[in-house]
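Take a look at the structure below.
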């Protein structure tokens, strides 16, 4: 029997088989690469989704500074605050202003865009040294607490200036988990009224500046208070100073001179055992001087800085303060935040409109200094 002989050479057959093999391997590699690309795409989608979810979660956390302003009517330093808020993002802050009832912040009444229509609709008449000042502060806190993203609550006056730019202030305040409340116990204080003792023990009586920065927990404690505040309304009252007496003034010479806004929040937090949760100092600088000799405590008033007073040296001196001496407690408060040394003050008062104009021209308050 003859062997069958197929046409073509053996070498050409081997190359044909090799080509088929290479094509098959190529197809397998192609499929594997497509599968790998699909897995990578799905993984990247997951990463991006996780980042989006994380960003959404972070944006839902309280991360805003609530600026609470006590104003008589207009904000005389609004042009300075316009400059301050230009360095911020809208999601980083909110603003609330307590002014006289009926006053509205419009393009005609303010030069600061951030102040437009930010007045409280339920404001009340306020008298210096009266419990109505506390009521105004509580109204501001209550309004600010309606926004769940507000994490810190800063009380300022209409004569305050910022010593630093917005970024510095934001980082400083948000880096601390404590409130900043000037608070000390004055053993010789005569402002405590014994009629308070049924609610407020003398051991919890505190004094300090009214200008605070509160964390949300403490802001909620202030607005929820229904026992201490009424006692202040009834028994913490200022003495009418002789220089404002009239023929109709009834003088009670046995009355203790109690200024509610110097005591209320400090005393409330002490009573609720929250003092370990505060830095016992204010972030707002005031210079107090006895301007009326012979009148003792009645002659002490915060200094008003005018155009001629405003110098770079003045601002530098305030910014360089790093400790506060509390004589009645024999205590030196070294200014810090979370254990790190810091400048004591972020704001200062009382400044006239002319002084604020000069401050802005010198740009002394906007150096990003650690």
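The values are calculated or read from the model by the stated rules, or taken from the named source; none is laboratory data. Not measured: the values here are computed from a predicted model. Methodologically, a virtual Cβ is constructed for each residue, glycine included, from the backbone with ideal geometry; neighbour enumeration extends over all protein chains shown.
Among all residues of region 184-207, there is at least one that is within 20 Å of residue 337 (Cα to Cα) and touching a residue at least 12 places away in the same chain (Cβ under 8 Å). Considering only residues in region 164-191 that are outside any loop (DSSP other than H, G, I, E, B) and surrounded by fewer than 17 Cβ atoms within 10 Å (Cβ to Cβ), the one that is farthest from the chain's Cα centre (by Cα) turns out to be 167.
Could you identify the single residue in 113, 117 that is without any contact (Cβ under 8 Å) to a residue 60 or more places away in the chain and either touching a strand residue (DSSP E or B) at 6+ places or on another chain (Cβ under 8 Å) or over 17 Å from residue 72 (Cα atoms) (or both)?
On the way: 117 fails: either touching a strand residue (DSSP E or B) at 6+ places or on another chain (Cβ under 8 Å) or over 17 Å from residue 72 (Cα atoms) (or both).
Going through 113, 117 in turn, just one is without any contact (Cβ under 8 Å) to a residue 60 or more places away in the chain and either touching a strand residue (DSSP E or B) at 6+ places or on another chain (Cβ under 8 Å) or over 17 Å from residue 72 (Cα atoms) (or both): 113.
Does residue 137 meet the test of being under 17 Å from residue 212 (Cβ atoms) and either under 17 Å from the mean Cα position of the chain (by Cα) or crowded, with 21+ Cβ neighbours inside 10 Å (or both)?
yes
Taking (1) touching a residue at least 12 places away in the same chain (Cβ under 8 Å); (2) over 13 Å from the mean Cα position of the chain (by Cα); (3) more than 18 Å from residue 223 (Cβ to Cβ); (4) surrounded by fewer than 19 Cβ atoms within 10 Å (Cβ to Cβ) in turn, residue 147 satisfies each apart from (3). Selection of region 334-353 for residues being modelled with pLDDT of 85 or more, part of a strand (DSSP E or B) and more than 16 Å from residue 156 (Cα to Cα) yields 334, 341. If you take the residues in region 315-333 that are more than 24 Å from the chain's Cα centre (by Cα) and not in a strand (DSSP E or B), which one is modelled with the lowest pLDDT? Step by step, filter region 315-333, then rank; the result is 328. Within region 222-244, one or more residues are closer than 24 Å to residue 148 by Cα, crowded, with 20+ Cβ neighbours inside 10 Å and at pLDDT 95 or above.
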